Amino acid sequence: MKKVLVTGSAGLIGSESVRFFCKKSFEVTGIDNDMRAKFFGAEASTKWNSDLLSRTFPNYTHLSLDIRDERGVKELFEKEHFDFIIHCAAQPSHDWAAKDPFTDFTVNANGTLVLLENFRQFCPEGVFIFTSTNKVYGDTPNKLPLIELERRYELPEDHPYFNGIDESMSIDNSTHSLFGVSKAAADLMTQEYGKYFGLKTAIFRGGCLTGPAHSGTELHGFLAYLVKCIKTGRKYKVFGYKGKQVRDNIHSFDLVNAFYHVFLHPRKGEAYNIGGSRHSNISILEAIEKIEELTGNKAEIEYVEQNRVGDHIWYISDVSKFKSHYPDWGFKYDMDMLLEELCEQIHI
């Protein structure tokens, strides 16, 4: 039986990975110490999800372990030979990172290094996936010649990035947020373990990742938190750009299915932009309107003129590189399906 290690196993992508591979009869070990509750408060706790996974899957083992714990991680890797490591654990908010840069960097960068080095030492024949972020590009996307439309910003149709931003965009000379820097460090380190040591590693620079298992909160989890606010009558704050900022959104299942394709045919040190692409994208104003229609509830919106530092005005991922490497992969969810599922199933 193949063995999978999932870090951040009670979070959105981690828990989707647990479900996906448990259903394929893999032996899955998850590590998650619910730091999300520390970052964002009790409403963002993932304990409900870790408890659910433990009850649901007999081939799942949960460990409350900090990825920065070098001794604890080494003992785990010495004990188990993992065929596949899916690294999702992170401090995920660029706003929160500025409050505690040391925690942000040690979790995102140092924690990734701890995992990579143990991967190299104890299971170098395996496959390692790192969930990076589009924030490695900093605010460079905001320099694109965007056009303001009635409910969203857009690129001219003849622009090279109209179908989405690809991996050719520079990660230099931009404002990343401290979160973007810590994730970029981990991103580059994971590439290097592939290219320098010849290990099978892959990096996914995600757009907005979402799904009903998301414990959304104001500082992280745009769509899940918006649905939660509209369903419960809570005020939702829109930060800058007139609410016309655009994000592509990919369902957690589609992302984890991409991981599976990499596991079946791994490469070395490849970085991929991944998101909903032109297939699934939406502005905040458009999302509010659609969620109001789906729930029958009127959103209570507060507009804050000041945008978040380093926040993207428009970001759509070009997934053509990944598709060229893995042509059998495709989307299961579009934007409408994704929103309908969120409104029906979101954990409140």
Test for Leu113: is it free of Cβ contacts under 8 Å to residues at least 40 places away in the same chain and either surrounded by 15 or more Cβ atoms within 10 Å (Cβ to Cβ) or in contact with a Pro (Cβ under 7 Å, 6 or more places away or on another chain) (or both): no
When restricted to Thr7, Thr46, Thr56, the only residue of a type in the set (Val, Ile, Thr), out of contact with any strand residue (DSSP E or B) (no Cβ under 8 Å at 6 or more places or on another chain) and within 27 Å of His94 (Cβ to Cβ) is Thr46
Where Asn142 falls short, out of the listed (1) touching a residue at least 60 places away in the same chain (Cβ under 8 Å); (2) under 30 Å from Leu65 (Cα atoms); (3) among the polar types (S, T, N, Q); (4) touching a Phe, Trp or Tyr at 6+ places or on another chain (Cβ under 9 Å): (2)
Only one residue in Ala44, Ala97 is in contact (Cβ under 8 Å) with a residue 24 or more places away in the chain and within 22 Å of Ala184 (Cβ to Cβ), so which one is that? Ala97
How many of the residues making up the range 305-330 are closer than 27 Å to Asn142 by Cα, modelled with pLDDT of 95 or more, of a type outside the set (Gly, Ala, Ser) and outside any helix (DSSP H, G or I)? 6
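Among what's in the range 272-309 and is charged (D, E, K, R) and touching a helix residue (DSSP H, G or I) at 6+ places or on another chain (Cβ under 8 Å), pick the residue that is farthest from Ser168 (Cα to Cα).
Our first condition is that a residue be charged (D, E, K, R); within the range 272-309, this holds for 278, 286, 289-290, 292-293, 298, 300, 302, 305, 308.
Within this subset, residues satisfying the condition of being touching a helix residue (DSSP H, G or I) at 6+ places or on another chain (Cβ under 8 Å) are 290, 292, 298, 300, 308.
Working: Lys290: 33, Glu292: 38, Lys298: 41, Glu300: 39, Arg308: 25 Å.
So the residue we want is Lys298.
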Would you check if Tyr153 is farther than 20 Å from Ser9 by Cα, buried (at least 23 other Cβ atoms within 10 Å of the Cβ) and touching a Phe, Trp or Tyr at 6+ places or on another chain (Cβ under 8 Å)? no
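Could you tell me whether Phe119 is in contact (Cβ under 8 Å) with a residue 60 or more places away in the chain, out of contact with any strand residue (DSSP E or B) (no Cβ under 7 Å at 6 or more places or on another chain), part of a helix (DSSP H, G or I) and over 18 Å from Ser15 (Cβ atoms)? Don't jump to the end; show me each part of the working.
Working: in contact (Cβ under 8 Å) with a residue 60 or more places away in the chain: yes; out of contact with any strand residue (DSSP E or B) (no Cβ under 7 Å at 6 or more places or on another chain): no; part of a helix (DSSP H, G or I): yes; over 18 Å from Ser15 (Cβ atoms): yes.
Considered against the rule, which asks whether it is in contact (Cβ under 8 Å) with a residue 60 or more places away in the chain, out of contact with any strand residue (DSSP E or B) (no Cβ under 7 Å at 6 or more places or on another chain), part of a helix (DSSP H, G or I) and over 18 Å from Ser15 (Cβ atoms), Phe119 comes out as no.
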First in the range 332-348 and under 16 Å from His279 (Cβ atoms) and at pLDDT 95 or above, second anywhere and crowded, with 19+ Cβ neighbours inside 10 Å and among the acidic types (Asp, Glu), Cβ under 7 Å, 6 or more apart: Lys332/Asp254; Tyr333/Asp254
I want to confirm something. Restricting to the range 236-250 and keeping residues that are out of contact with any Lys or Arg (no Cβ under 7 Å at 6 or more places or on another chain) and either buried (at least 22 other Cβ atoms within 10 Å of the Cβ) or at pLDDT 95 or above (or both), which single residue is nearest to Glu300 (Cα to Cα)? Gly243
Filter pass, Glu78 being surrounded by 15 or more Cβ atoms within 10 Å (Cβ to Cβ) and without any contact (Cβ under 8 Å) to a residue 60 or more places away in the chain: no
Looking only at the range 122-141, count every residue that is of a type outside the set (Ser, Thr, Tyr), farther than 19 Å from Ile203 by Cα, out of contact with any strand residue (DSSP E or B) (no Cβ under 8 Å at 6 or more places or on another chain) and in a helix (DSSP H, G or I) and tell me the total. 1
A careful count of residues in the range 264-289 that are without any contact (Cβ under 8 Å) to a residue 60 or more places away in the chain and over 19 Å from Val227 (Cα atoms) gives 2
For Glu292, the lone unmet condition from (1) assigned to a loop (DSSP other than H, G, I, E, B); (2) touching a residue at least 12 places away in the same chain (Cβ under 8 Å); (3) more than 19 Å from Tyr161 (Cα to Cα) is (1)
Considering only the range 1-38, state which residues are closer than 23 Å to Asn249 by Cα and part of a helix (DSSP H, G or I). Leu12, Ile13, Gly14, Ser15, Glu16, Ser17, Val18, Arg19, Phe20, Phe21, Arg36
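The values are calculated or read from the model by the stated rules, or taken from the named source; none is laboratory data. Quick caveat, the model's predicted, so the values are computed rather than measured. Cβ: placed from backbone, ideal geometry, glycine included. Neighbour counts: every protein chain shown.
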